[in-house]
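Inspection log for the structure reproduced underneath, given as C-alpha cells.
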Amino acid sequence: MMKCPRGTRDFLPADMERRRTYESVLRDAAHRFGFKEIQTPIFEDADLFILRSGPNIMKELYAFKDKGDRDLALRPEMTAPVIRAFVNGMSNEPRPVKVFYFGQCFRYERPQSGRYREFFQFGAEIIGSDTPESDAEAVALAVHMVKALGLKDYRVRIGHIGVLRQKLADAGVPGDRTAEVLQKLDKKLYDEAGPLLRGIGVSDEDVQGIFALTETVGGLDVLDKISGEARESLKSMTNALIAMGVKDLEVDLGVIRGLDYYTGMVFEIEAPILGAEKQICGGGAYSLSELFGGEKVPSTGFAVGFDRALLVLEKEGAICSVPGVDAYVVPVSDAVRTDALKIVSQLRMAGVSADVDLMDRKMSKAMKYAASSNARTVVIVGPREMKEGTVTVRDMSTGSQEKIPLLELAGRYAD
Ligand code: HAM
C-alpha cells in the first residue's frame, strides 16, 4: 500500500476542521494586534536559507536542482522569505511593517512525536523597528496566541543573544566559529562544547564562565547580573510587557535559538507536557535584509509551531467538536426527492449550510447519517406537508420537532 512520505501526514476532514478552527483563532489574534497577512513561495533559491540560517538548518535543508539547473530549497522557515519579500516589494512602506503568515515548512529531521519533516508555522514579523516596545509587541502577541488557543501549562523564557555573543568574543572565540559554538550550547551539549572551545584556545576559566552564563535562569532579578545595552533594552522590554499585561516571565540567558540570524532579544515558549519536543514557539530580534540586497532593517518576530501547539491541546484534553451542517434535508419517500433537492438548494442560496441524502437511503438510515455527521437539525420533507407548504424540523440536540412553513424555513436559521 502506498503511504505518505516519512515525516509527513494526511489531514483528514475531522483533522482539518480542528486545524482550521485553531488557525482562525491565531488569525484573529494577529489581526487584533494590527498585523496583515503575507504569503511567499514554498520553495526559494537555496541561498536564501544558506546565507544566515546556521549549521542546524543547513543539515536539514530539502535542497534540490530544478530542470533549469537552479539550486532551490523547500523553505525550512519563513522569516528569510518574508524579509526577501520585504526587500523586493515593501521597503517603501511606512514602518514598522507588521505581517503574519501561516504555512508549511520542511526540515529533514528524524521524525518523532511533535517533530515532522513537513510541519506548519504561524508566525509574525515586525519589520523596521528596533525599540524595546517592538520586541515586547512580538512577545505579547505570541503569549496572546498561546492563551487564545487555550493552552494551560506553558513557560515564556526570555534572553538576549548579545550577552553570550559578547562573552564568546571576550573569551577569544573568532566570529566565524561562533555559530558552531552556539549550536552546541543551544542543545546544552557541554561535553562537545568544552573540547570545541578549548580547541579554539579558550581558557578553562572562560569555558566555565560561558557554561555558567547559559545556565543563568530566574525572574526579572537576573537582569541585574548583566550590563550594558542588553540589560537596558531587556529592562525596557519587560516593563513594556508588564504594561501590556504579560506576567510570569522567566529570564533565561541560555535561550540561544537554533537559527543564526538573531542579534538581540530572543525568546521561547515551551509546554512541558510535550517532553523532548516541548518548544512551541520561538523568536527574537534579528537583521537579515542587508543579506538580500536591501539596507539594514532591524526586525523582531516569532513563529508558533502549529502542530506542536495542537498536540498540547490534545494532551491537555481540549475538546474541539467538529460542527456539521445546520440543516440535513431528508425526504421520507422517493415521491418528494426532487422537493428535497429544491429545499436544500434554497437553504444554501439563503446562506444556510445544508446537505441532502445523495444515496437513495431510506429515512431511518438518512437520519443516522445526519446524526453521525453532527447535523444541527434535520429537515423532514413529506408528501402531505409539501401539499400544505410545510416541513418538519427536528432539533438533533434536543430531539424536539416543529412544523414550519417552507417560506419561513431559511429565517429559522438566521441567528
Ligand atoms: P524555530 O524555533 O526554528 O524558529 O521554529 C519555530 C517553531 O516551529 C518551533 O518553536 C517549533 O514549535 C516548530 N518546529 C520547528 N521544527 C519543527 C518540526 N520539525 N516539527 C514540528 N514543529 C517544528 C523559526 O523558524 C524562526 N523563523 C522564528 C522567527 C520568526 N524568528 C523571528 N521571526
**Message:** Pairs please, first residue from region 371-387 and closer than 14 Å to Ala340 by Cβ, second anywhere and assigned to a helix (DSSP H, G or I), Cβ atoms under 6 Å, 6+ apart in sequence or on different chains.
**Reply:** Val378/Ala370; Val381/Val336; Val381/Asp339; Val381/Ala340; Pro383/Ala335; Pro383/Val336; Met386/Val336; Met386/Asp339
**Prompt:** Just checking, which of Ile226, Ile256 is over 24 Å from Leu291 (Cα atoms), β-branched (Val, Ile, Thr), in contact with a strand residue (DSSP E or B) (Cβ under 8 Å, 6 or more places away or on another chain) and at pLDDT below 95?
**Reply:** Ile226
**Fill in**
By residue number, the members of region 190-244 that are hydroxyl-bearing (Ser, Thr, Tyr) and surrounded by 13 or more Cβ atoms within 10 Å (Cβ to Cβ) are Tyr190, Thr214, Thr216, Ser233, Ser236, Thr238
**Message:** Quick check on my filter: what residues within region 1-25 are among the aromatic types (Phe, Trp, Tyr) and over 16 Å from Glu118 (Cα atoms)?
**Reply:** Tyr22
**Prompt:** Of the residues that sit in region 333-344 and are over 11 Å from Asp357 (Cβ atoms) and touching a residue at least 40 places away in the same chain (Cβ under 8 Å), which one is surrounded by the most Cβ atoms within 10 Å (Cβ to Cβ)?
**Reply:** Ile343
**Prompt:** Quick check: anything in region 243-255 within 14 Å of the ligand (Cβ to nearest atom) and basic (Lys, Arg)?
**Reply:** no
**Request:** Counting only residues that are among the charged types (D, E, K, R), give me the strands (runs of 3 or more DSSP E) lying completely in region 372-415 with at least 2 of them.
**Result:** 390-395, 401-405
**Prompt:** Scanning for something under 24 Å from Val322 (Cα atoms), touching a residue at least 60 places away in the same chain (Cβ under 8 Å) and part of a helix (DSSP H, G or I), does region 347-361 turn up at least one residue?
**Reply:** yes
**Request:** Identify, by number, the condition in (1) of a type outside the set (Phe, Trp, Tyr); (2) open to solvent by less than 60 Å² (accessible area, probe 1.4 Å); (3) at pLDDT below 95 that Gly172 doesn't meet.
**Result:** (3)
**Prompt:** Within the group Ala303, Ala271, which residue is more than 7 Å from the ligand (Cβ to nearest atom), in contact with a strand residue (DSSP E or B) (Cβ under 7 Å, 6 or more places away or on another chain), modelled with pLDDT of 95 or more and within 20 Å of Arg155 (Cβ to Cβ)?
**Reply:** Ala271
**Item:** Residue list for region 306-337, filter: touching a Ser or Thr at 6+ places or on another chain (Cβ under 9 Å) and within 16 Å of the ligand (Cβ to nearest atom)
**Value:** Leu311
**Asked** Is it the case that region 319-327 has a residue that's more than 30 Å from Phe35 (Cα to Cα) and loosely packed, with under 14 Cβ neighbours inside 10 Å?
**Response** no
**Request:** Sort out which residues of region 79-111 are among the aromatic types (Phe, Trp, Tyr), open to solvent by 30 Å² or more (accessible area, probe 1.4 Å) and under 21 Å from Asp28 (Cα atoms), and write them in order of number.
**Result:** Phe102
**Fill in**
Contact list, first residue from region 78-89 and more than 9 Å from the ligand (Cβ to nearest atom), second anywhere and open to solvent by 30 Å² or more (accessible area, probe 1.4 Å) and part of a helix (DSSP H, G or I), beta-carbon distance below 6 Å, six or more apart or interchain, is Arg84/Phe292; Val87/Phe292
**Message:** Criterion first (near the ligand (Cβ under 10 Å from one of its atoms), surrounded by fewer than 23 Cβ atoms within 10 Å (Cβ to Cβ) and not polar (S, T, N, Q)) does Phe122 satisfy it?
**Reply:** no
**Complete:** region 146-246: helices (runs of 4 or more DSSP H) wholly inside it with 3 or more residues that are out of contact with any Lys or Arg (no Cβ under 9 Å at 6 or more places or on another chain) and hydroxyl-bearing (Ser, Thr, Tyr) are 228-243
**Fill in**
Selection from region 26-49 of residues surrounded by 16 or more Cβ atoms within 10 Å (Cβ to Cβ) and part of a helix (DSSP H, G or I) yields Leu26, Arg27, Ala29, Ala30, Leu48, Phe49
**Asked** Within region 395-414, which residues are charged (D, E, K, R) and more than 39 Å from the chain's Cα centre (by Cα)?
**Response** Glu402, Lys403, Glu408
**Prompt:** Which residues, counting only those in region 334-368, are modelled with pLDDT of 95 or more and of a type in the set (S, T, N, Q)?
**Reply:** Thr338, Ser345, Gln346, Ser353
**Request:** Give, as residue ranges, the strands (runs of 3 or more DSSP E) completely inside region 264-333 that count at least 2 residues that are farther than 30 Å from Met396 by Cβ.
**Result:** 279-286, 299-305
**Asked** Pick from Glu125, Glu93, Glu109: which is of a type outside the set (Lys, Arg), more than 19 Å from the chain's Cα centre (by Cα) and not in a helix (DSSP H, G or I)?
**Response** Glu93
**Complete:** Filtering region 50-71 down to residues that are touching a helix residue (DSSP H, G or I) at 6+ places or on another chain (Cβ under 9 Å), open to solvent by 40 Å² or more (accessible area, probe 1.4 Å) and within 16 Å of the ligand (Cβ to nearest atom) yields Ile50, Leu51, Arg52, Pro55, Met58
**Enumeration of residues in region 276-291 that are more than 19 Å from the chain's Cα centre (by Cα) and surrounded by fewer than 17 Cβ atoms within 10 Å (Cβ to Cβ)** = Glu290
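The values are calculated or read from the model by the stated rules, or taken from the named source; none is laboratory data. Given the structure is predicted, the values throughout are model-derived calculations rather than measurements. Because the Cβ atoms are built from the backbone with ideal geometry, glycine has one as well, and the counts that use them run over all protein chains shown. What goes into the accessible areas is simple: the full protein's heavy atoms, side chains included, and nothing from ligands, DNA or RNA. Shrake-Rupley method; radii C 1.70, N 1.55, O 1.52, S 1.80 Å.
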